[in-house]
Amino acid sequence: MARPVSALTIAGSDSGGGAGIQADLRTFAAHGVHGLSAITALTAQNTRGVTAVHVPPVEFLRAQIDACFDDFDIGAVKLGMLASAPVIHAVADALEAHRPRWLVLDPVMVATSGARLLEPEALDALRTRLLPMADLLTPNIPEAELLLGASIADGADADAALAALRALGPGAVLLKGGHLAEGATVTDRYADDEATRRFRQPRMAVDGHGTGCTLASAIAANLCLGRPLAEAVRLAIGYVHAALRSGTRPGRSEVLVLGHF
Ligand code: PLP
């Protein structure tokens, strides 16, 4: 019997179960895809914020990645929190050795709560080593601003940023528009070699935790299921919105944790 295709997340752990590895694995499972994980960093975190971060030695991260590739048929890799430049170099080295079929890069930098999840001096390593390797880059507006060193204030700026991000080397870009005030809808802008598309959803008046992680993982899961990239993106945006609608507030804050049902 052929092995089913697995998805690998290389990302941080969220002890509160809302974002990071925990969201990624639930998303893979909800798509019927076996999930693998290589943990870059452990965060002590709940719905109110991050209180501590521990980054294990990069040799241990590499061992996790190698163990996954040595045994499983990996259809797609999703990258989330990478914490520091040494972690980025270790991940890039491992991916150059293993050459995954699809690489989805969520350039996690700062949590919604304000906690830093990537050291500022690691930005260059992200730009030079991982962006050119990614099949899809999925920044939100603040992440795109940091990657480009330019401010994005409106839709016209976002259109220009989409092109500028593509010029940094990824095969395709999904620029998430949630941080822009564009009326009652949120516009996510997508571009690959063939097409530019806009995905519009009604804006939801909730403070969702782990939406970026969930979106990138849902894209990776859909790629594992054989869907073309733009279609994987469209389906994943729909998945996140359904997960927001079925979200709950398990912590003491107003922060919503997505439902994966
Ligand atoms: N914690 C970890 C480990 C993450 O990977 C992420 C992902 O972006 C976050 C927290 C941030 O989640 P959010 O900004 O959605 O609260």
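The values are calculated or read from the model by the stated rules, or taken from the named source; none is laboratory data. Just so we're clear, the structure is a prediction, and the values are computed from it rather than from any experiment. Cβ atoms come from the backbone with ideal geometry, glycine included; neighbour counts cover every protein chain shown.
Residues that are in contact with a Lys or Arg (Cβ under 7 Å, 6 or more places away or on another chain) and modelled with pLDDT under 95: list the strands (runs of 3 or more DSSP E) wholly contained in segment 126-205 that include at least 1 such residues.
Here the list reads 185-191.
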When residues of segment 180-229 are filtered for being of a type in the set (Asp, Glu), away from the ligand (no atom under 16 Å from the Cβ) and either within 30 Å of residue 114 (Cβ to Cβ) or crowded, with 24+ Cβ neighbours inside 10 Å (or both), how many remain?
1
Quick one: what pairs do we get from segment 225-237, first residue within 19 Å of residue 194 (Cα to Cα), second part of a helix (DSSP H, G or I) and β-branched (Val, Ile, Thr), C-beta under 6 Å, 6+ apart or different chains?
232/219; 233/219
Please tell me if residue 83 is of a type outside the set (D, E, K, R) and under 23 Å from residue 222 (Cα atoms).
no
So which of 97, 115, 92 is among the small types (Gly, Ala, Ser), surrounded by fewer than 21 Cβ atoms within 10 Å (Cβ to Cβ) and in contact with a strand residue (DSSP E or B) (Cβ under 7 Å, 6 or more places away or on another chain)?
115
Just wondering, is there one or more residues in segment 126-140 that are polar (S, T, N, Q), buried (at least 16 other Cβ atoms within 10 Å of the Cβ), over 30 Å from residue 185 (Cα atoms) and within 16 Å of the ligand (Cβ to nearest atom)?
no
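So in segment 2-22, with the set limited to residues that are away from the ligand (no atom under 12 Å from the Cβ) and crowded, with 18+ Cβ neighbours inside 10 Å, which one is farthest from residue 260 (Cα to Cα)?
5
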Collect the residues in segment 89-121 that are away from the ligand (no atom under 11 Å from the Cβ) and within 16 Å of residue 145 (Cβ to Cβ), keeping them in residue-number order.
120
Of all residues in segment 230-261, count the ones that are touching a strand residue (DSSP E or B) at 6+ places or on another chain (Cβ under 9 Å), assigned to a loop (DSSP other than H, G, I, E, B) and within 15 Å of the ligand (Cβ to nearest atom).
8
Out of the residues in segment 23-52 that are near the ligand (Cβ under 10 Å from one of its atoms) and more than 22 Å from residue 90 (Cα to Cα), which is surrounded by the most Cβ atoms within 10 Å (Cβ to Cβ)?
23
